[in-house]
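The values are calculated or read from the model by the stated rules, or taken from the named source; none is laboratory data. Small disclaimer: the values here were computed from a predicted structure and weren't measured. Here the Cβ positions follow ideal geometry from the backbone for every residue, glycine too, while neighbour counts run over all protein chains shown. To get the accessible areas, we keep the full protein, side chains included, count just its heavy atoms, and leave off ligands, DNA and RNA. Shrake-Rupley method; radii C 1.70, N 1.55, O 1.52, S 1.80 Å.
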Amino acid sequence: MNLVVVGAGVGGLAVAVRLAAAGHRVTVLEQAPDVGGKLGVHEQDGFLFDTGPSLLTMPHVLEELFATTGAPLAEVLPLERLEVACRYRFPDGTVLDLPGDVAAIPDALDAALGPGRGAQWSAFLDRARRIWDVTHEPFLESPIGLPDMVRLSRRLDDVRTVAPWRTLRGLGRQHLHDPRLVMLLDRYATYTGSDPRRAPAALAAVPWAEQRWGSWYVPGGLGRIATALRERLELLGGEVVTGAAVAEVTTDARGRVDGVALADGSRLAADVVVANADARQVYGHLVRTPAARRAAARVARTTPSLSGLALLLAVDGPPPGQPHHAVYFAEDYDAEFDAVFGRRGRPRPVARPTVYVAAPDDPAIVPGPGTGAWFVLVNAPPHDPDHGTDWDAPGLAERTADTVLDLLAERGTDVRDRVRHRTLVSPADLERRTWTPGGSIYGSSSNGPRAAFLRPSNASPVPGLFLVGGSSHPGGGLPLVLLSARIVAGLVGPALR
Ligand SMILES: Cc1cc2nc3c(=O)[nH]c(=O)nc-3n(C[C@H](O)[C@H](O)[C@H](O)COP(=O)(O)OP(=O)(O)OC[C@H]3O[C@@H](n4cnc5c(N)ncnc54)[C@H](O)[C@@H]3O)c2cc1C
């Protein structure tokens, strides 16, 4: 079959690799000059910054993709497991180096936070593991459907384990009696762009998966994953065309997909189109059938996930001992969620946000010794000039970035006089670069018990059209996006030989 993939994000590239390996003729059309989408890179004066993901979890998903389509990942792109998954600094000044080995976590928690904290976290993780066991196959690795839900709802033990009526925060409070552990757990809700007070307890599977399979880095930067996927696709005979914006996914008289129309006026015929573009763009603009309009109305009922303001800092003489990943918690985490999701008023920038710093110790990404390529990120509301925050308002991103550096200094890491140059990537910039409405990082958020069911499914209601990537099932983040590619490749099936 002739297949067109709209978008060369991780989801688009991964599905293209699988479909090319299954014998299809695959063309990937990407509007940007480079592949990768949100997994972007920025190079300046010998500094190489990842502008998107800085942490790879569940590496076996990426390994399986490479192993089943050619040379194994280890030969193409060796990964590095981090001994310290992340350093957390809590508002009371306590510092926790969370080990990358799950067996070492309880002792580290007892040592940093006080006796008994390790046992609390272990009890929580045990519940999280059971949630994972019940949910990963039907909810993360299959196209979700009514039969899965019915099957699950009949097994009362499983329903009690997943506790669909409970929030992540609520589940945390049941097991964790130290507010710092609750804060640690809250952080994981943000990895799906959600509010822990509204996200379902099922998200406990996120810390479980991270701690079970560890935290990983790609020497040379995570952006290399996109390059490796592109190279694998081309080895399999697939084609990537950059600078090719798709204006419409066209349909025949019966409403079945028959190709795409590009912004330059050209057309490309296709038996199947896989859209990696954000679902709101796909159903709102690219497909113009009644089925697409109904799907657009459904997507409009979801809450967009949060976005972020990224600071790419070229640092001279970075402070010694800075870990690969560090999180400097806000004094008031709830105020942060209230601001970004607009709980009291419009969504707005956070006055004193939690600050995340990725400072890889990697000679491949800096111009020389004594320099650092730092990626600093704070949660931010999506770009929404009409109803929320206008990130293009003069001075807003720069002022917010200054506040972030002041906060870092207050919390013990002052690099203000060591920054050689800085580049900001605001939610508005992310929207422009990746054509993601508002620059939402993870598609729709998981806020509310029905969120997972409102997220667009991989098989669209438009015959011949499939959706892949973070705005469709099973959600955002590299491992889930890779799983969504596996699901879509399964739905399309192999070429008839
Ligand atoms: C700041 C930031 C930090 C993150 N941190 C992490 C992390 O540490 N770990 C992690 O696992 N995940 C992280 N993520 C999330 C992760 O990057 C995403 O979930 C994932 O990369 C999304 O991939 P995707 O394929 O769904 O979509 P995208 O990357 O959005 O790709 C979609 C592509 O489609 C193209 N496109 C759109 N419309 C059209 C059109 N009409 N015609 C042609 N092309 C089009 C876009 O240009 C884009 O290249 C982070 C993301 C960001 C932004």
> Could you give the angle, 0 to 90 degrees to the nearest 10, between helix 290-300's Cα long axis and the longest principal axis of the Cα atoms of the chain?
Replying inline: 0 degrees
> So what does log10 I(q)/I(0) come out to for the range 377-497 at q = 0.14, 0.19, 0.20 Å⁻¹, using the Debye formula with one equal point on every Cα and no solvent?
Replying inline: -0.78, -1.08, -1.13
> What is the range 232-370's relative contact order, in percent, from Cα pairs under 8 angstrom and six or more apart in sequence?
Replying inline: 14 percent
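Compare the peptides 399-405, 337-343 by average per-residue count of other Cβ atoms within 10 angstrom and give them in order, highest first. Show your work: numbers first, answer last.
Working: 399-405: 17.9, 337-343: 21.0.
Highest to lowest by the protection proxy: 337-343, 399-405.
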> Please identify the chymotrypsin sites (Phe, Trp or Tyr not before Pro) of the range 131-211 that satisfy two criteria: DSSP loop assignment and at most 13 other Cβ atoms within 10 Å. Which are they?
Replying inline: 165
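At a threshold of 8 angstrom on Cα-Cα distance, excluding pairs fewer than six apart, so keeping six or more, what relative contact order does the range 79-171 reach in percent? The partial results should precede the final answer.
On the way: 66 pairs, mean separation 13.4, N = 93.
Across the range 79-171, relative contact order equals 14 percent.
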>> Among 290-297, 426-433, how do they line up by average Cβ neighbours within 10 Å per residue, starting with the highest?
In response: 426-433, 290-297
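How large is the translational diffusion coefficient of the range 192-246 in µm² per second when you combine the Kirkwood radius over alpha carbon pairs with Stokes-Einstein at 4 °C and 1.567 mPa s? Kindly include the intermediate steps, with their values, before the conclusion.
On the way: Rh = 15.0 Å.
Translational D for this selection: 86 µm²/s.
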>> I need the phi-derived Karplus couplings for the range 68-81: 6.51 cos²θ - 1.76 cosθ + 1.60, θ = phi - 60°, integer Hz, Gly and Pro marked x.
In response: 8, 10, x, 4, x, 4, 4, 7, 9, 8, x, 9, 10, 7
> What order do you get for 282-289, 462-469, 265-272 when each peptide is scored by the mean count of other beta carbon atoms within 10 Å, highest first?
Replying inline: 462-469, 282-289, 265-272
> Which whole-Hz ³J(HN,Hα) couplings does the range 450-455 yield from phi under the Karplus relation 6.51 cos²θ - 1.76 cosθ + 1.60, θ = phi - 60°, glycine and proline marked x?
Replying inline: 9, 4, 4, 8, 7, 5
> Given the convex hull of the Cα atoms of the range 188-309, what is a quarter of its surface area in nm²?
Replying inline: 11.4 nm²
>> With angles folded into 0 to 90 degrees, how steeply does helix 179-189 sit against the dominant principal axis of the chain? Use alpha carbons for both and round to 10.
In response: 20 degrees
> Helix 224-235 versus the longest principal axis of the chain: what angle, 0 to 90°, nearest 10, using Cα atoms?
Replying inline: 20 degrees
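Counting Lys +1, Arg +1, Asp -1, Glu -1, what net charge surrounds residue 356 among other residues with beta carbon under 15 Å of its beta carbon? Walk me through the intermediate numbers first.
Values: positive: 87, 89, 187, 352, 411; negative: 50, 186, 210, 336.
Combined, the nearby Lys, Arg, Asp and Glu give +1.
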> In 5 Å bins starting at 0, how do the alpha-carbon pair distances of the range 255-329 split up by percent?
Replying inline: 3, 10, 14, 17, 10, 7, 9, 8, 8, 9, 5, 1, 0
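Express the relative contact order of the chain as a whole percentage, based on alpha carbon pairs under 8 Å and six or more residues apart in sequence.
Working: 1098 pairs, mean separation 116.7, N = 497.
About 23 percent, as a whole number.
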>> Using protein chains only and a probe of 1.4 angstrom, how many square angstrom of residue 239 are accessible, to the nearest 10?
In response: 100 Å²
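Would you calculate, for the chain, the mean residue ellipticity at 222 nm contributed by helices, counting each DSSP H stretch of 4 or more residues as -39,500 (n - 2.57) and dividing by all residues, to the nearest 500? Kindly include the intermediate steps, with their values, before the conclusion.
On the way: 17 runs with 171 residues, N = 497.
Dividing the helical sum by the residues of the chain leaves -10000 deg cm²/dmol.
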> Where the Cα atoms of the range 118-229 are projected onto their three principal axes, how long is each span, largest first, in whole Å?
Replying inline: 47, 39, 23
> Hey, if we sort 390, 361 by accessible area with the 1.4 Å probe, largest down, what's the order?
Replying inline: 361, 390
> Hey, if you drop one equal point scatterer on each alpha-carbon of the range 1-61 and run the Debye formula without solvent, what base-10 log of I(q)/I(0) do you get at q = 0.19, 0.24, 0.29 Å⁻¹?
Replying inline: -0.80, -1.00, -1.15
> For the chain, what number results from the quotient of the Cα radius of gyration and 2.2 N^0.38 Å?
Replying inline: 0.94
